[in-house]
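So the structure is just underneath, and the comments pick up after that.
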Amino acid sequence: MKRIHKIPLTFFIVGSIWILLSDNLEPLLLNISPFQVQYFQKVKGIFFILISTGILFFLIKSYESKILEEEILYRSSRKHIHEGYILYETDKSQVFEYNPTAAKILGINIGSEKTEMGLQHLIQLKKINQTIINEIEYQILLYGKYKFQNIEFIDHKGNVKLINLTGEKIRSLNKSNLIELIFEDVTELISKDKLSKFALELYSIESKINSEHDFIQKGLDLTEGMAESNLAFLLSINESDNSFEVLELSTKAKSIVNFSEKNKVFQIASNGGLDNCLKTQKPFINNNLKSNKLVKNELHSYFPFTKSIAIPIIENNKVVAIVEIANKDVDYGALDAMQIQAFVAVFWTMLKKKHSDLQLNYQRKLLQEAESIAKLGSWEYNHLNETLYWSEEIYKIFEIDEFVEPNEEVFNSRILDEDKVKVKQAFFGMVENQKQYFLIHPLQMPDGKIKFVEERGKTEYSADGKPIKTIGTCLDITNKQLLINQLESQNKQLSEIAQIQSHEYRAPVARILGLIESFDSIKDKISEEAMREVIYKSAQEIDNIIKKINEKTNN
Amino acid sequence: MTTTLNIDDDPIALFLANNAIRSAGFQGEIMEFENGQDVINYLDKITADQVLLLLDINMPNISGWDICEYIIEKKLDEKVQIVIITSSISKLDKIKAANYPFITGYITKPIHMEDVKPFIAS
C-alpha cells in the first residue's frame, strides 16, 4: 500500500473506533435514552465516516494522479534533452533513471543493473572527485537546487571533459531523496561557432597581425573601442614563474589600476583558463572567479570580476596565445562588446613568439639580402645522414630551381666532368684530415656558361673524431675570377713583350752594335758586303719585332 | 786541361764572341756550337778536367738555362765554369744566373774584348 493511501484508511479506522466507543461515552455526557442515542449515532456516524472517507480517497487519488502525471511528463521530457539526465537516489546511492546522453557524456556503460550505477560507482572509478560529490549532495540538501560549473571529468577513454552539472531535489510518489542531475558537456559547447561576435573577433586577431606594432595596436584598439568602464591590459607571461608583465594599458585601465613603471610585473591567481586552454585547445569559461588579486610589487588592486572566458589562439595545432576576458556576470555565448565591464587580454606566448619570429624573419631577410649582394651562399652537410642544406643564394649561384632538394647529385651536375673527382677528394680529404675546407673551382651552367666559386667549410667532429657536420660558404667569384684571368692574360702579354724586348729585340741590336764596335778587328775577316747583309737582316728583324710588339699591344 | 765552348744560335754572335776572345789574347782551342743539343751530346762524352762555356741564354729548343740544369743533373758542376753572353737586359736573368754557383760571369751583348779578359786570364 502506498503511503498516501494510508491517510483515508487511518481516517476510516479512527472514525469507526470513535463511533463504536461513543456508545458508552455519549449517554454519560448527554442525558438521553441509551437506546435512542445508540441507534441515532451509529447510523449518523457510519454515514459520515463513509462519506468522508470516500471524499478523502477521491481527493488523494486526484492528487496522486496529478503528481504521477507530472512526474511521467517530467521524466519523459528529460529522456530526450540534449543534456545528460540522471535521477539519483541519494539514500541508496544509486541511479534510478537516466537518458542515453548521460551515458554518452559520462562515457560509461550504465548497463541494465541500475543499482550498480551511481555516483558512488563513479567515485570508485575515479571519474569524479569525491569532494565534488559531497559538495553536490550538501548543496542540494541545503538549497534544494545547485549548479556546478566546469567540473573536470575523465571519460572512459581518459579524455578530460568539462561538465556543467545542475542538481535539484525532485518530488516523486514512489521515491524519497530523489535528485535530478543534469550533465552538460561544455567541452565542445564552448566551441568557436558558439562564441559571440566579439569573441570571434578576438579569435581572428592572429590573421590581422603583420608586425609587432600591429599586434600591440590591435590589442589597444580592441580595448579603447569599448565602453567607458572597460579595463584593458596587454600582458605577456613569464613562463618560469607565471608572473605577468604589463606591456600596454588602455587609458581607462591606467586610471583605474595603480600601475606604474615599478609595478609592471605582477602575479594573478590562476583561474584555470590558461591550463585548460593549453590542455584542451578550446575556450574555457570560469563562472567562479573569486579572489584574484594583483599581489606583487605592492599592487593590491582588487580584481572585482566573477566570470572569465579564456580563448586560445591556435596556430599550426599549437596554442600560441590566450586571450582572456574577465567580466561581471555575463553570458559569454551572447556577449556583446558593449556589455563588457572588464577586459583582460593576455597575449601570451604569442608575443614572445612574434618577437622572436619577427626578429628571426628580419635577420633572415637581412642575411638573404647580404648573401645576394655578396653573392655568398651558405650550406651545411650532415655527415651522419648525408644530407645537404643550401641557402637561397646557393640556388641562385648554381641556377637550380628552389624546389629541388639539394643533394650531392644536384651539386655534381654543375661541376665540370674533369673536376668531379678532384672536388670530391678535396672536400672529403680536408674533412678526414680535420682541416678547414677551401677550394676554388669552376661550375658549368646548363647553357654552357662558366662560373667560378670559392668554397670554404668548417667541420664539427664528435668526441671520437668522427665528422658530424660541415658548415660552409660558397662565394660566386666569377667576376673576380674573370678579372684575375684578364689580369693574368695581360701580365702574360706584358711578360712576353718584356721577353721580346730583352731577348728578341736586343739580339739584332747587339749584333749590329757588335759589328760596328768590333769593326777594326773584324774588317779583315768579313767582307763589306757580308757585313751590309748582316746589318740589313738585323734591321729587318728589328722591324718585325716592333710589328709583333705592336700587334700584342693592340690585342 | 781546359776546354772552351762558345755556344750561340746566332752565327754572327758566335763570330763576334770568338773575335773578342782572340783579341783578348786567348790562344787555346775554341769549340763552337749553334744549338743546345750538340752541347749536351758533347758534355756527355767530355774528358777534360775543366770546361769553360761561353753560353747564350735565349736559344731555340734547348736554352742556356736548360744546359745549366743538365750540368747539375749530370753533376758536372765541379769541372764546369760558365760565362753568360746574352743580349738580354732583363734583371730576372741576372738574378737567375746568380743562383748557379758555376756561372762566374755575365756579359751583355755586344761583347767586347775587355769583357772577356778577366775570364781568359783566370
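The values are calculated or read from the model by the stated rules, or taken from the named source; none is laboratory data. Computed from a prediction, not measured in an experiment: that's the story for all the values here. Cβ placement follows ideal geometry from the backbone for every residue including glycine, while neighbour counts extend to all protein chains displayed. Just the protein is used for accessible areas: all its heavy atoms, side chains included, with ligands, DNA and RNA removed. Shrake-Rupley method; radii C 1.70, N 1.55, O 1.52, S 1.80 Å.
Surface exposure of chain B, expressed per residue as accessible area with a 1.4 Å probe, stands at 49 Å². Considering only Cα atoms, the convex hull volume of region A:54-107 works out to 79 Å³ per residue. Amide H to amide H, with H built 1.01 Å from N, A:L443 comes under 5 Å of A:K451, A:F452, A:V453, counting only residues 5 or more places away or on other chains.
Using the Cβ-Cβ distance between A:T387 and A:K480 with R0 = 35 Å, the FRET efficiency computed as 1/(1 + (r/R0)^6) comes to roughly 0.70. From the square roots a ≥ b ≥ c of the eigenvalues of the alpha-carbon gyration tensor of region A:409-552, which class results: rounded (a/c under 1.5), prolate (a/b over b/c), or oblate? Prolate. Interface between chains A and B: roughly 1400 Å² of accessible area buried, both sides summed (probe 1.4 Å, protein heavy atoms only).
Rounded if a/c is under 1.5, else prolate if a/b is larger than b/c, else oblate: which is region A:349-491, with a ≥ b ≥ c the root eigenvalues of its Cα gyration tensor? Taking the square roots of the gyration eigenvalues as a ≥ b ≥ c, region A:349-491 is oblate. Label sites at A:I81 and B:K96, each approximated as a point 7 angstrom past Cα along Cα to Cβ, lie 11.1 nm apart. Pairs over the 25 Å Cα-Cα cut-off, from the set A:K548/B:K109; A:K6/A:K147; A:K435/A:K492; A:K145/A:K175; A:K61/A:K147: A:K6/A:K147; A:K435/A:K492; A:K61/A:K147.
Just report the Cα centroid separation between region B:15-74 and region A:480-555, whole Å. When both Cα centres are located, 23 Å separates them. For region A:460-473, take each phi angle, set θ = phi - 60°, evaluate the Karplus expression 6.51 cos²θ - 1.76 cosθ + 1.60, and give the result in whole Hz per residue in order, putting x for glycine and proline. Karplus values, whole Hz, x for Gly and Pro: 9, 10, 7, 4, 8, x, 7, x, 9, 8, 10, 10, x, 10. Solvent exposure of region A:366-500, expressed per residue, is 62 Å² of accessible area, with all protein chains present and a 1.4 angstrom probe. Here the simple spin-label model places points 7 Å from the Cα toward Cβ, and for B:K45 and A:S52 these points are separated by 17.3 nm. Within region A:400-495, the trypsin sites (Lys or Arg not before Pro) that combine a DSSP coil assignment with at most 14 other C-beta atoms in a 10 angstrom radius are A:K435, A:K449. Between amide H atoms placed 1.01 Å from N, distances below 5 Å from A:H383 occur with A:K469, A:T470, all of them 5 or more places distant or on a separate chain. Remark: spin-label model distance A:A539-A:S527 equals 2.0 nm, labels positioned 7 Å along the Cα→Cβ axis. Filter the cross-link list A:K422/B:K74; A:K552/B:K91; A:K451/A:K552; A:K525/B:K45; A:K525/A:K547 down to pairs whose alpha-carbon distance in this structure exceeds 26 Å. From A:K422/B:K74; A:K552/B:K91; A:K451/A:K552; A:K525/B:K45; A:K525/A:K547, over 26 Å: A:K422/B:K74; A:K451/A:K552; A:K525/B:K45; A:K525/A:K547. Given a Förster distance of 41 Å, report the FRET efficiency between A:K547 and A:Y362 from their Cβ-Cβ distance, rounded to the nearest 0.05. Using R0 = 41 Å, I get an efficiency of 0.05. Judged by the ratio a/c of the largest to the smallest principal axis of the C-alpha gyration tensor, chain B counts as rounded, that ratio being less than 1.5.
If R0 is taken as 35 Å, the Cβ-Cβ distance between B:E34 and A:K492 corresponds to a FRET efficiency of 0.75. Compared with its chain on its own, region B:72-115 contains the following residues whose accessible area drops by 20 Å² or more in the full protein assembly (probe 1.4 Å; ligands, DNA and RNA excluded): B:S87, B:S88, B:I89, B:K109, B:P110, B:H112. Amide H of B:Y106 versus every other amide H placed in the peptide plane: which residues, excluding those fewer than 5 positions away on the same chain, fall under 5 Å? Excluding prolines and chain starts, which carry no amide H, the hits are B:I84.
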